[in-house]
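Quick notes on the structure that follows.
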Amino acid sequence: IYQGSTDPADNDARLTSYTVPPGSFGYFLCSTAHSAPTPIAGSQGTLCLGGSVGRFNRAGEVLMASSQTAVTLDIDLTSMPQPTGAVAVQSGDTWHFQLWYRAVQVHFQ
């Protein structure tokens, strides 16, 4: 879920993903293109982003799901991660977001 302004000049944006297994670590992905759901080898989910995919995996952006199964990240619209370096959101842009996470398993003896 995206919350905040649709005017990039306001730089007011928050991403929230729900129903994430509690204690799972993950980060958001972003792209200006979407694609048909694509299975990823060794993964349970599908990737729905296309083109250049950026990862919010910088310091403070890798998150752990709360006991309420939510992950929330305030994003800086002037520094959107891309494979070639961060870019600023421009008026008229459309961005797509997806959470990528790894479920945690603990075996106790």
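The values are calculated or read from the model by the stated rules, or taken from the named source; none is laboratory data. The structure displayed is predicted, hence computed values, not measured ones. Virtual Cβ from ideal backbone geometry, glycine too; neighbours counted across all protein chains shown. Heavy atoms of the whole protein, side chains included, go into the accessibility calculation; ligands, DNA and RNA do not. Shrake-Rupley method; radii C 1.70, N 1.55, O 1.52, S 1.80 Å.
Couple of notes before you dig in:
- Residue among Gly42, Gly85, Gly54 with the largest mean-square fluctuation in a Gaussian network model of the chain, springs linking Cα atoms under 10 Å: Gly42
- The simple spin-label model puts a point 7 Å past each Cα toward its Cβ; for Ala70 and Asp7 those points are separated by 2.6 nm.
- Ligands, DNA and RNA left out, the 1.4 Å accessible surface of the chain is 51% carbon and sulfur atoms.
- Label zone (Arg102, point 7 Å along Cα-to-C-beta; backbone nitrogen cut-off 13 Å) within the range 6-42: 24-27.
- Under a Gaussian network description of the chain, with springs only between Cα atoms under 10 Å, the residue in Gln44, Gln82, Gln68 that fluctuates furthest is Gln44.
- Across the range 87-102, computed HN-Hα scalar couplings (Karplus, 6.51 cos²θ - 1.76 cosθ + 1.60, θ = phi - 60°) run 10, 9, 5, 10, 4, x, 5, 10, 10, 10, 10, 8, 8, 10, 9, 10 Hz from first to last residue, x flagging Gly and Pro.
- For Cα extents along the principal axes in Å, computed directly from the structure shown, the correct entry in (i) 43, 26, 24; (ii) 36, 28, 23; (iii) 54, 28, 22 is (iii).
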